[in-house]
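Report on the structure given below.
The values are calculated or read from the model by the stated rules, or taken from the named source; none is laboratory data. Since the model is a prediction, treat every value here as computed from it, not as a measurement. We place every Cβ from the backbone using ideal geometry, glycine too, and count neighbours over all the protein chains shown.
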Amino acid sequence: MKNINPTKTFFWKKLQHHYNRVRKVKIQDLFKEDKSRFLKFSKNFRDIIWIDYSKNKILEETMKNLFNLSKEMDVKSAINSMFNGEKINKTENRAVLHTAIRNRNKNKIILDGIKIKEEVRKIFKKIENFSEDVIAGNWRGYSGKRITDIVNIGIGGSDLGPRMVLKSLKSYRNHLKIHFVYSSDGIHIFETLKKISHETTLFLISSKTFSTHETISNSEIAKNWFISKSKNIKHMQLHFFAISMNYKKSIEFGIEKKNIFKIFDWIGGRYSLWSSVGLSIALSIGFKNFENLLDGAYAMDNHFLNTTESDNIPIILALISIWYNNFFRSETEVILPYSQRLSLLPTYLQQCLMESNGKSVDRLGNFIKYQTCPIIWGETGTNFQHSFCQLMHQGKKLIPCDFIGVIQNPGFSEKCHEETMSNFFSQTRALAFGNFSKKSTKNSNLYKVLFGNRPSNSILLKKIDPYTIGALISMYEHKTFVQGVIWNIYSFDQWGVELGKKLSFQILSDIRNNKEIDNYDDSTNNIINLYKKFKK
Ligand code: F6P
């Protein structure tokens, strides 16, 4: 991958001039001047996902410059480097191959002398056999009873992906009840343990490193609870599983080697739902549906890899976001799914985008002077309309947003669905066009005027099924990647999370002793001492 400061490129400078010329352009006028904006600025992905990006502050010239920026930044060869297994995660000396795990049939990648295809085939066979056994009732608990509940203990990438997918694919779920435990407050695990029977529950301890404090602490509680009930530590072998690359720690914890589902070191945590981390998905919706999820992601991978910039959906989305972030200096981006089933998508994308691209040192080790990842936030569209939509329509901030809606919603009330989607369409229309007219400002007061000219992307899914959800997630993963390439940062490490983790171990022992704390700054010392004083 080349290391180029994007702001020094010809097309960045050209975009800066272009921005100075067009920054006051109004979306309303763009539509008046060009009757075929939708045709020009929309894309269809295999008749399952449609992207309308015409309601943006963009001209054809804008997009042309942005595509040229992408070419100048060599995005295409960076994509090839990732797909070919080059060690592009340099600060961790790792390849980045979540795409290889979705390409189970054809990949020929050899990494450190190991054939990826073979490795992937083995692990998928294991996931398939195990999930089918559990679903069919062949895998029994120690007392011979069928399994009824699965508890996934994990956090971040070892939780959010499967949790979001299973929320989205609720209608595909089988009889197994799935519980996700991620919070370390104690309440979460104890509340969950109250709902289950130790004889019919499987615990999946999902942690790539097997050293994440929240996960290990919750897992210890689950293990002790299980042993106290079953009265025999050996029974753990039918109930406890690790999803990890750390065999040593998993085994020390008490997990049998055969009960470990390997995560490869070349799968990043936030890109891991396609791997063994997706075991809860395979258990809940069946292996075939899990495969469909991967196939959808693989279809988007192929599109991303083989499509020219101007038709490439992840590249287009990444560039539009850069246009606002780096030229209009907008600071945030909102994700607004108009489906309760997609309600976890904003949270999931927060980790995907911000943990990947929240960086301020470039790939050459220089401090960066331009903006990188915007703040990602969001909510279901229905809630957005009754909370922060006021600010989006009349506030002072420019907030680009992705509206995500669904066309077909079988099995649910058509009436409710139409009402929801009418809101989707009306919000994007109101944001872009407002209600301003010369007459309206004369007759009414300004408080009621919406000036419009607020951008949005409309993303329509034909339906919510595993294949489409796979493609949608993969689309956002690749958007993230393109932005990282253009911002010239390393998107696949997360060193920023380490200091807090380290400090928390030290502070934990400070909290547990009886001494007054004076080894930190004035604020930290006093707030810890206050906590200790009133804890007694
Ligand atoms: O602290 C952040 C993080 O490292 C994420 O990147 C990761 O997804 C999460 O913690 C969980 O890590 P692990 O799977 O190793 O428990």
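Report the residue count in the range 324-347 for those that are part of a strand (DSSP E or B) and in contact with a His (Cβ under 9 Å, 6 or more places away or on another chain). Step through it out loud before you land on a result.
Looking only at the range 324-347, we keep the residues that are part of a strand (DSSP E or B), and these are 332-337.
If we keep only those that are in contact with a His (Cβ under 9 Å, 6 or more places away or on another chain) too, we end up with none.
Number of matching residues: 0.
Going through the range 173-220 one residue at a time, which ones are in a helix (DSSP H, G or I) and within 16 Å of the ligand (Cβ to nearest atom)? Steps first, please.
Let us first name the residues in the range 173-220 that are in a helix (DSSP H, G or I), namely 187-195, 198-200, 213-220.
188, 189, 213, 214, 215, 216, 217, 218, 219, 220, listed by residue number.
Regarding the range 51-63, can at least one residue be identified that is more than 29 Å from residue 267 (Cα to Cα) and within 22 Å of the chain's Cα centre (by Cα)?
Yes, some residue in the range 51-63 is more than 29 Å from residue 267 (Cα to Cα) and within 22 Å of the chain's Cα centre (by Cα).
Taking residue 498 as the residue in question, decide whether it is within 16 Å of the ligand (Cβ to nearest atom) and in contact with a Cys (Cβ under 8 Å, 6 or more places away or on another chain). It would help to see each step written out before you state the result.
On the way: within 16 Å of the ligand (Cβ to nearest atom): yes; in contact with a Cys (Cβ under 8 Å, 6 or more places away or on another chain): no.
Spelling it out, it is not the case that residue 498 is within 16 Å of the ligand (Cβ to nearest atom) and in contact with a Cys (Cβ under 8 Å, 6 or more places away or on another chain).
Among the residues of the range 359-376, how many are within 16 Å of the ligand (Cβ to nearest atom) and either touching a strand residue (DSSP E or B) at 6+ places or on another chain (Cβ under 9 Å) or within 20 Å of residue 397 (Cα to Cα) (or both)?
Residues of the range 359-376 within 16 Å of the ligand (Cβ to nearest atom): 359, 373, 376.
In the following step, the residues that additionally are either touching a strand residue (DSSP E or B) at 6+ places or on another chain (Cβ under 9 Å) or within 20 Å of residue 397 (Cα to Cα) (or both) were identified as 373, 376.
Within the range 359-376, residues that are within 16 Å of the ligand (Cβ to nearest atom) and either touching a strand residue (DSSP E or B) at 6+ places or on another chain (Cβ under 9 Å) or within 20 Å of residue 397 (Cα to Cα) (or both) number 2.
Among the residues of the range 300-326, how many are of a type in the set (Gly, Ala, Ser) and either surrounded by fewer than 20 Cβ atoms within 10 Å (Cβ to Cβ) or assigned by TED's automatic domain parsing to the domain that holds residue 168 (or both)?
First pass over the range 300-326, keeping only residues of a type in the set (Gly, Ala, Ser): 310, 318, 321.
Add one more test, that the residue is either surrounded by fewer than 20 Cβ atoms within 10 Å (Cβ to Cβ) or assigned by TED's automatic domain parsing to the domain that holds residue 168 (or both), and what stays is 310.
Summing the residues that are of a type in the set (Gly, Ala, Ser) and either surrounded by fewer than 20 Cβ atoms within 10 Å (Cβ to Cβ) or assigned by TED's automatic domain parsing to the domain that holds residue 168 (or both) in the range 300-326 gives 1.
Quick check on this structure: which one of 125, 167 is assigned to a helix (DSSP H, G or I), in contact with a Leu (Cβ under 7 Å, 6 or more places away or on another chain) and among the basic types (Lys, Arg)?
Numbers: 125 fails: in contact with a Leu (Cβ under 7 Å, 6 or more places away or on another chain).
Matching residue, one of 125, 167: 167.
Across the range 128-164, which residue is nearest to the chain's Cα centre (by Cα) among those that are within 16 Å of the ligand (Cβ to nearest atom) and part of a loop (DSSP other than H, G, I, E, B)? Explain how you work it out, then say what you get.
Keep residues of the range 128-164 that are within 16 Å of the ligand (Cβ to nearest atom), which gives 151-164.
Going one step further and asking which of them are part of a loop (DSSP other than H, G, I, E, B), we end up with 154-155, 159.
On the way: 154: 15, 155: 13, 159: 11 Å.
For the range 128-164, the residue satisfying everything is 159.
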